[in-house]
Amino acid sequence: MQHKATLIYNARILTPTGWIENGSLLIQNGLIAKIASYETILDEFAEAQDRMDACGQLLLPGFIDIHVHGGGGYDAMLGSVDHLQGMCRFHASNGTTSLLATTLTATNEEIIRALDCAAQSMKVEREPDGANLLGVHLEGPFLNKVRCGAQNPADLREPSIEEFEAFWSASQGTIKLMTIAPELNHAEEVIRHAVQKGVVISLGHTDADFETMQRAVEWGATQVTHLFNGMRPLHHREPGAVGGSLMLDQLAVEMICDGYHVHPSLIKWAFTVKPEGKVLLITDSMCAAGCPDGEYVLGKLPVIMNKGKVYLKQEDGTEGGLAGSSLTMIEALANTVAFTGMDIAEIIPALTLHPATQIGLQNTKGTIELGKDADLIIVNEHFQVCQTFVRGRRVYDREA
């Protein structure tokens, strides 16, 4: 479907080669058609029918969240197209233009229902009104009970090619990413099988030692799920899963940068020790993100959100361990700037290009370049998202 050309001008545009001050960008048919300095606006952008003054604010590539369970009261596990679309709208208002709906450990039937719903939702042809659903991140059920965190231990089970195939069929091939504990029985054959299907393997909720992490890389694993959380910690005589995540350069690492899940100094350190392109910022947010403090449910587990922190609710009503987050991607960016002292331009790829590269979409998403999808956000000096564009269509306007 063709749309009228849209011009965004008077913007500070972040491109792979640096900032363009007083920049202008033309969107045509959902793609980035032209990028130029403000001085060329009359000559280069005469065809634009819709013009928007960015007022000198930042024009950035839209965020790509590859680990998100819900938000705005919506939950990816409920097997509801309305819930998937709702969470996509919520996260678009916080700068996310693409996401992977992320499952939780549950029964076979519950996971299959969620996967089928995601596949059906992706088939619906309609104008975007929120973040683009790129596919599914299958987190569970092939996880270790010793490191299950907020995953329901009653539903955890050993890896099985047969069960993976049932998930793959239900998802209609839309599983892009799978978290698995590599030390479990049959993990090797399931990892190798999934890799052959084109699934990115992320090691997580794992009690693996360093040697097992090394072997998992040989089997095809290329990623780590929420670094430091839900994994065997670093020890000077046994580097564990954390040590493997940091020392094995083949592994990209997710991080939840809310200041609760990972100490700010460790966030800064991870950026210094991992190679370029191997740090991925995620939210791991659940349905309570963007909602008032109170009691919620994560899968089948009762949780409490208090001042933005989400905890498991224990039998005596007190707060247990962390259970997902209420983080948004724009908050992750603001926090990481504060925690590390790095420039915005240095951090942005961890929310855009690097996750796009992990799931094989770097040629169409993740940077502001000619011919790429016009997935864009305008952000002000207070780290507030002012407008969000998905495939060239404005899906969020803070002033509206």
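Observations, loosely collected:
- Residues considered: K278, K197. Of these, the only one that is touching a residue at least 60 places away in the same chain (Cβ under 8 Å) and of a type outside the set (A, V, I, L, M) is K278.
- Tallying residues that are within 24 Å of P355 (Cβ to Cβ) and among the charged types (D, E, K, R) within the range 202-220 yields 1.
Per-residue answers, yes or no, for (1) among the small types (G, A, S); (2) over 15 Å from the mean Cα position of the chain (by Cα):
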residue: G294; (1), (2): yes, yes
residue: G299; (1), (2): yes, yes
residue: K313; (1), (2): no, yes
residue: I330; (1), (2): no, no
residue: E346; (1), (2): no, yes
residue: P355; (1), (2): no, no
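- Taking helices (runs of 4 or more DSSP H) as the structural unit, those lying wholly within the range 80-197 and holding at least 3 residues that are among the hydrophobic types (A, V, I, L, M, F, W, C) and surrounded by fewer than 22 Cβ atoms within 10 Å (Cβ to Cβ) correspond to 108-123, 161-171.
- Residue in the range 36-57 that is part of a strand (DSSP E or B), crowded, with 18+ Cβ neighbours inside 10 Å and modelled with pLDDT of 95 or more present: no
- Residue in the range 313-323 that is in contact (Cβ under 8 Å) with a residue 40 or more places away in the chain, in the same structural domain as M77 (by TED's automatic domain parsing) and of a type in the set (V, I, T) present: no
- Selection of the range 273-310 for residues being among the aliphatic types (A, V, I, L, M), surrounded by fewer than 16 Cβ atoms within 10 Å (Cβ to Cβ) and in a strand (DSSP E or B) yields only V297.
- Pairs are defined by a Cβ separation below 8 Å, a sequence spacing of at least 6 or placement on different chains, a first member in the range 145-157 that is on the phi > 0 side of the Ramachandran plot, and a second member that is among the small types (G, A, S) and surrounded by 19 or more Cβ atoms within 10 Å (Cβ to Cβ); the pairs so defined are G149/G230; G149/A323.
- Cross-chain or 6+ apart pairs with Cβ under 7 Å, the range 361-384 first and within 15 Å of G30 (Cα to Cα), then assigned to a loop (DSSP other than H, G, I, E, B) and of a type in the set (G, A, S): D373/G30; A374/G30; A374/G392; D375/G62; L376/G62; I377/G62; I377/G95
The values are calculated or read from the model by the stated rules, or taken from the named source; none is laboratory data. Bear in mind that the values here come from a model prediction, so they are computed numbers and not experimental data. Neighbour counts are summed over all protein chains in view; Cβ atoms, including those assigned to glycine, are modelled from backbone coordinates with ideal geometry.
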